[in-house]
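Every number in this text was worked out from the coordinates using simple rules, so none of it is lab data. No experiment lies behind these values; they were computed from the predicted model shown. Positions of Cβ are backbone-derived with ideal geometry, glycine not excepted, and every protein chain shown enters the neighbour counts.
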């Protein structure tokens, strides 16, 4: 039988081994996968990302998507189209996807012949999803377009297991079956924002953290239904290392098929809810969500090396993260970079870059 001292030593060994394994994913092992995935060939074209600027959100989104008007009908095929906005809060307009951005996307879909009903779907983080849709005037789109508003909290779910850095065990989160379904073509209608856990939140995080659902009646703070649960915190993995790893891990199964990132008015500072506005007037779009997020990070004046989950995804070949291999179509990237103020806790967030003690 193992004595207490031996058991304690073994637990410490296992703890260090697991954390070291996660840290290594940002290093040589994952980098070797990236070299294989990114090996250039003579026939491999640069990944395209559209960048538009102007004074109308709807027009910016529409023009950015026109860059891909030839390939997107083939990519969509017969799949249902789901537009996933970012409604992390239901009553804070600066943190949420603007209705005009959704209108620009819907106009584009109409222009390429997507006539079947499109779904706008979300599971808001802090209250009833449909209340947020009403607050942000998404309801004005119904009737004007063949679109349906869906609360993912009232739809079927599937259990997806993610890592937790406190106990080093898998934890199951109820996630939207609609988003996980291979027959769903996902458009991430994100907003350009800094973040208090992963430096920046863009097209990928919008999808993955929106997919876990909450019980009806759940609210942060007073007024919530007793016993109602919210599975979104499970994805956060109990720490900065946990959330960065989980975003990467889940992205291998669940990610946008088309990224649209509205930077008309971005958020800086203590996002994703408590930040302040940035008058930026840009929009980024691409079928390669890694490349779209990479360009958005550059536009925000953020050092890409600090965004853990996107580095993991790029290194694993989930998309193009090398700016030198991305063709920015439209506006000139260097002319529209703004330095967004990062979250007050940025130094704590960057613990993911350090190997565990």
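The table for this structure:
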| item | result |
| --- | --- |
| Protection proxy ranking, peptides 283-292, 71-80, average beta carbon neighbours within 10 Å, highest first | 283-292, 71-80 |
| Per-residue Cβ neighbour rank within 10 angstrom, fewest leading, 165, 156 | 156, 165 |
| Convex hull per residue volume in Å³, alpha carbons only, for segment 45-131 | 121 Å³ |
| Segment 143-243: proportion of alpha-carbon pairs further apart than 19 angstrom, % | 53 percent |
| By average C-beta atoms within 10 angstrom, highest first, the peptides 139-145, 199-205, 349-355 | 199-205, 349-355, 139-145 |
| Global geometry of segment 297-354, whether rounded, prolate or oblate, following the gyration tensor of its Cα atoms and the 1.5 cut on a/c | oblate |
| Viscosity 1.306 mPa s, temperature 10 °C, Stokes-Einstein D of the chain from Kirkwood C-alpha radius, µm²/s | 76 µm²/s |
| Average Cα contact separation per residue, segment 96-225, under 8 Å, 6 or more apart, as relative contact order % | 26 percent |
| Evaluated at q = 0.15, 0.18, 0.21 Å⁻¹: base-10 log I(q)/I(0), Debye formula over Cα of segment 221-357 | -0.86, -1.18, -1.45 |
| Sequence-separation-based contact order of the chain, relative, with Cα cut under 8 Å and 6+ spacing, percent | 23 percent |
| Within the chain, percent of DSSP bridges classed antiparallel, to nearest 5 | 50 percent |
| Fully extended contour minus Cα-Cα distance, from residue 159 to residue 91, at 0.36 nm per residue | 21.6 nm |
| Normalised contact order of segment 238-357, rounded percent, pairs of Cα under 8 Å and 6 or more residues apart | 29 percent |
| Distance between segment 289-305 and segment 106-164 - C-alpha centres, whole angstrom | 26 Å |
| Residues 153, 344, sorted so that the one with the fewest Cβ neighbours within 10 Å comes first | 344, 153 |
| Ranked by how many other beta carbons lie within 10 Å on average, peptides 274-280, 304-310 from highest | 304-310, 274-280 |
| Rounded tilt (10° steps) of 28-38 against the dominant C-alpha axis of the chain | 30 degrees |
| Nearest-ten-degree value, helix 4-24 long axis tilted from longest Cα axis of the chain | 30 degrees |
